[in-house]
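The values are calculated or read from the model by the stated rules, or taken from the named source; none is laboratory data. Since the model is a prediction, treat every value here as computed from it, not as a measurement. Glycine gets a Cβ as well: all are built from the backbone with ideal geometry, and neighbour counts include every protein chain shown.
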Amino acid sequence: MISIGATLGTGIFVVLGEAVPKAGPAVTLSFVIAGLTALFSALSYAELAGTIPVAGSSYSYAYATLGELLAWICGWCLILEYGVSVAAVAVGWGQYLNELLDGTLGATLPGALSAPPGDGGLFNLPALAVVLLAMAFLLGGARESARVNTAMVAVKIIALLLFCGIGVLGVRSGNYAPFMPLGMAGVSGAGATLFFSYIGFDAASTAGEEAKDAQRDLPRAIMLSLVVVTALYVLVAAVAVGARPWRSFTGSEAALAAIMKDVTGQGFWATLLAAGAVVAIASVVLTVLYGQTRILFAMSRDGLVPRVFSRVHPATGAPRANTVIVSLFCGVLAAAVPLGRLADATSIGTLFAFALVNVSVVVLRRTRPTMPRAFRVPLSPLPPVLGFALCLWMMGSLSAVTWAVFAVWMAAGTVFYFVYGFRRSRLATGARTSTEQTRPEK
């Protein structure tokens, strides 16, 4: 439920409107390509999650297999992935909140307070509000957060199935032609953007130290969540582009609600879907924010980021200071940056981290071949190699601006590591301590 909760939401409710203008009706193929890329990486995640069941996701796997420097790079990418995706998800939440308010109260929030600068607004207040709401649940501890998330996941699946059941009534065969109006380049470009939709299937791996039987359950959770999410994504996308001409998706961040209104001619169904989307997207914020705090917890425990991120509350076991700091940062980011830029920045950080996970599987198979594994990637090393290649291919489909942002982010991370983490890490301090113990007394 954590993995489905972190994955199923913004990609189909919001980012679909960003991807359809790039690929046309072939956006369904884009979902499949992004899903296959995620699948190969998911196999690697499943093996590592069952072998190294600790908090920290791919950061911890890289630390155990590739060393501290590459682990830092992976963790820095995960901070970009989780932190920025929380902000992107929160932006989409505000769009559906307006749909809900319009359908129930006949009023919407002022544009200046419901959109970031660059999208016609001054400050996205709903985006900040949903992050702070998720923060309140997380401060109660993992068990309480998981219960809330489970209820939200049920609501979002029902909402998407409801859309398919009603939306199919408006499907017109002419809307699928031409199927690939912008060619394969458009399909791959949309796939790179839509990879954002699959971010989160690895969220279960951040809970490695809070699961009852991590070695058995983490691989199952990762694979099952990916299958469920991919099936729903392709089904919903096929209905959406069949019920509405692909060109009309441009600039539509609440496309599914608009389709419901067009098909039925009534606002009730669109309002009902908007209510489901509000719950669905809020659960993504909750679970992704949870993952971000656990990754920083693992990095802090290794000394690579300040110790404040690994302090836990004695009653709830939650890293409270960590949760508050991360939530405030993500909330402000969500309120100030447009969705498209956030989605692409998230995708490139995720793809880079996934590429390292695929490498980690191959390295660990060679360095520790006899290590007990609850799950083994079949036909290895072929799937990890394909996963690595697909990640690089999709990274190459992203814009030059996104690459520039990524380069700046990585440069800042490298500086931070050598100025702070390299000197204070567990490996560095451990090495110094052991050296000092071997010195003779004066």
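Points worth noting:
- Some residue of the stretch 343-363 being among the hydroxyl-bearing types (Ser, Thr, Tyr) and closer than 21 Å to Glu47 by Cα: yes
- Count of the stretch 90-133 residues which are surrounded by 15 or more Cβ atoms within 10 Å (Cβ to Cβ) and part of a loop (DSSP other than H, G, I, E, B): 8
- In the stretch 370-379 there is no residue matching the filter, namely being touching a residue at least 12 places away in the same chain (Cβ under 8 Å), outside any loop (DSSP other than H, G, I, E, B) and over 30 Å from Gly121 (Cα atoms).
- Scanning the stretch 291-309 for residues that are assigned to a helix (DSSP H, G or I) and either under 27 Å from Thr346 (Cβ atoms) or in contact (Cβ under 8 Å) with a residue 40 or more places away in the chain (or both) yields a count of 13.
- Among (1) surrounded by 16 or more Cβ atoms within 10 Å (Cβ to Cβ); (2) part of a helix (DSSP H, G or I), the one test that Ala404 misses: (1)
- Hey, Ala136 out of contact with any strand residue (DSSP E or B) (no Cβ under 7 Å at 6 or more places or on another chain), within 23 Å of Leu272 (Cα to Cα), part of a helix (DSSP H, G or I) and modelled with pLDDT of 80 or more or not: no
- Residues that are within 17 Å of the chain's Cα centre (by Cα), modelled with pLDDT under 85, buried (at least 24 other Cβ atoms within 10 Å of the Cβ) and in a helix (DSSP H, G or I) do not occur anywhere in the stretch 254-273.
- Per the listing Val312, Val284, Val326, Val288, the residue uniquely surrounded by fewer than 24 Cβ atoms within 10 Å (Cβ to Cβ) and either part of a helix (DSSP H, G or I) or free of Cβ contacts under 8 Å to residues at least 24 places away in the same chain (or both) is Val312.
- The condition of being farther than 23 Å from Met395 by Cα, of a type in the set (S, T, N, Q) and at pLDDT below 85 holds for only one of Ser300, Ser310, Ser283, that being Ser283.
- A single entry from Ala154, Ala146, Ala134 fulfils the requirement of being within 30 Å of Thr293 (Cβ to Cβ), of a type in the set (A, V, I, L, M, F, W, C) and free of Cβ contacts under 8 Å to residues at least 24 places away in the same chain: Ala154.
- For the stretch 180-192, the criterion of a residue being assigned to a loop (DSSP other than H, G, I, E, B) and touching a Pro at 6+ places or on another chain (Cβ under 6 Å) is satisfied by no position.
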